[in-house]
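A short worksheet on the structure shown next.
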Amino acid sequence: MDKKNFKYLFGPVPSRRLGRSLGVSPIPPKTCNFSCIYCQLGRTTNFTNKREEFYPVEEIVAELTQALEQNIDIDYITIVGDGEPTLYKKLGTLISEIKKLSTKPVAIITNGALLYQKEVRTDLLEADVVMPTLDAFEANMFRAINRPHKELELNKIIQGMKTFREEYRNQIWMEVMLVKDLNDSSKTLKEIKKLIDFLEVDKTFINIPIRPPAEKWVKMPTQDRLLTAMKILGAESIFHYDEISIESVDSKADPETKILDITQRHPLREEQVFSLFPDFSEEQVLQILQKMENKGILELRIYNKKRFWEVPKEKK
Ligand code: SF4
């Protein structure tokens with residue numbers, strides 16, 4: 001493989017739900033119809049509810065073809081994006097083309113908000129797993145946590161998810177992001193569970209804001225609350241395992257490029273940066289990080305008593 005730095009691909013990243021997942025991002029950074037308080041990408045800068053072909057689908061497919069020719073060891077190809085991937089207008093074509101290139105299952109991580117649109121539901125029909133999010137059961141809570149685009153209403157979104165369930169034969173795995181004191185009470189969880197049952201999803205997963213969130217006041221629920229939530233929702237948790245180690249798809253890239261490739265998308269815990277470079281000592285990696293911090297392209301943030309490295313917001 002040449003030293004080309006992939007524009008649309010990242011990973012493979014280990015994921016509890018998806019094994020080794022090769023990420024495909026078809027949208028520009030921070031393009032979303034939500035601006036969730038817990039978003040690890042920071043506040044949404046390109047706030048839109050309009051679907052567009054942000055990049056030519058042929059370019060994305062060409063990159064994927066090049067990556068797959070290297071026989072990378074992966075379990076899933078995951079369309080995820082630095083924002084909301086269903087905003088990509090050629091999503092249906094992209095999924096069809098991926099299916100021609102690979103026999104690996106295709107997953108989509110989405111906030112699910114656009115499932116009320118028939119064209120979005122149709123685009124997703126060929127996917128193997130669709131992973132939407134539901135963090136609230138009523139409009140005020142929805143607005144407080146997800147801060148949606150003004151065209152979006154919770155009732156309409158839930159109805160869209162229900163229609164999708166009726167039309168779609170493959171797996172729907174719901175994710176609920178829990179935020180301390182906002183949606184982690186037993187009363188709220190029971191209401192969310194009613195909606196999950198109504199939507200007849202195949203699995204439910206709980207996530208928590210483990211990485212530095214968009215709003216500094218966002219907190220993770222307590223361990224007790226998490227255990228209660230898992231019981232009430234009949235859900236598994238995903239937050240232990242997705243964080244363990246990480247690697248860059250471009251194995252020959254220089255260390256700074258490798259680190260930036262991932263931190264452009266989300267902050268990295270310091271241990272994860274170490275795991276990117278198994279041949280380097282921790283001191284050597286720290287020197288690289290320090291150099292990047294001195295150049296102003298990376299900054300250190302302490303969150304939940306852990307050290308995270310991220311690209312300064314103004315540089316994203
Ligand atoms: S968490 Fe997802 S849905 Fe929410 S603002 Fe970030 S990218 Fe958008």
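The values are calculated or read from the model by the stated rules, or taken from the named source; none is laboratory data. Nothing here was measured: the structure is a model prediction, and the numbers come from that model. Because the Cβ atoms are built from the backbone with ideal geometry, glycine has one as well, and the counts that use them run over all protein chains shown. Ligands, DNA and RNA are excluded from the accessible area calculation, which covers all protein heavy atoms including side chains. Shrake-Rupley method; radii C 1.70, N 1.55, O 1.52, S 1.80 Å.
Residues of the range 40-53 that are surrounded by 15 or more Cβ atoms within 10 Å (Cβ to Cβ) and at pLDDT 95 or above: PHE47, THR48, ASN49, ARG51.
The condition (being assigned by TED's automatic domain parsing to the domain that holds GLU126, closer than 26 Å to MET220 by Cβ and not hydroxyl-bearing (Ser, Thr, Tyr)) is satisfied by just one residue among LEU91, LEU68, LEU41, LEU87: LEU41.
Of all residues in the range 125-159, those satisfying the criterion of being hydrophobic (A, V, I, L, M, F, W, C) and either open to solvent by less than 20 Å² (accessible area, probe 1.4 Å) or closer than 21 Å to THR31 by Cβ (or both) are ALA127, VAL129, VAL130, MET131, LEU134, ALA136, PHE142, ILE145, LEU152, LEU154, ILE157, ILE158. Being within 16 Å of the ligand (Cβ to nearest atom), in contact (Cβ under 8 Å) with a residue 12 or more places away in the chain and farther than 14 Å from GLN264 by Cα is a condition met by at least one residue of the range 59-78. Of all residues in the range 13-23, one or more are more than 10 Å from the ligand (Cβ to nearest atom), over 23 Å from PRO312 (Cα atoms) and in contact with a Leu (Cβ under 7 Å, 6 or more places away or on another chain). The set of residues in the range 79-94 being buried (at least 22 other Cβ atoms within 10 Å of the Cβ), farther than 20 Å from PRO14 by Cβ and either among the β-branched types (Val, Ile, Thr) or within 16 Å of the ligand (Cβ to nearest atom) (or both) consists of GLY83, GLU84, PRO85, THR86, LEU87, TYR88, LEU91. Taking the criterion of being open to solvent by 20 Å² or more (accessible area, probe 1.4 Å) and part of a loop (DSSP other than H, G, I, E, B), would at least one residue in the range 60-68 satisfy it? Scanning the range 60-68, I find no residue that is open to solvent by 20 Å² or more (accessible area, probe 1.4 Å) and part of a loop (DSSP other than H, G, I, E, B), so the answer is no.
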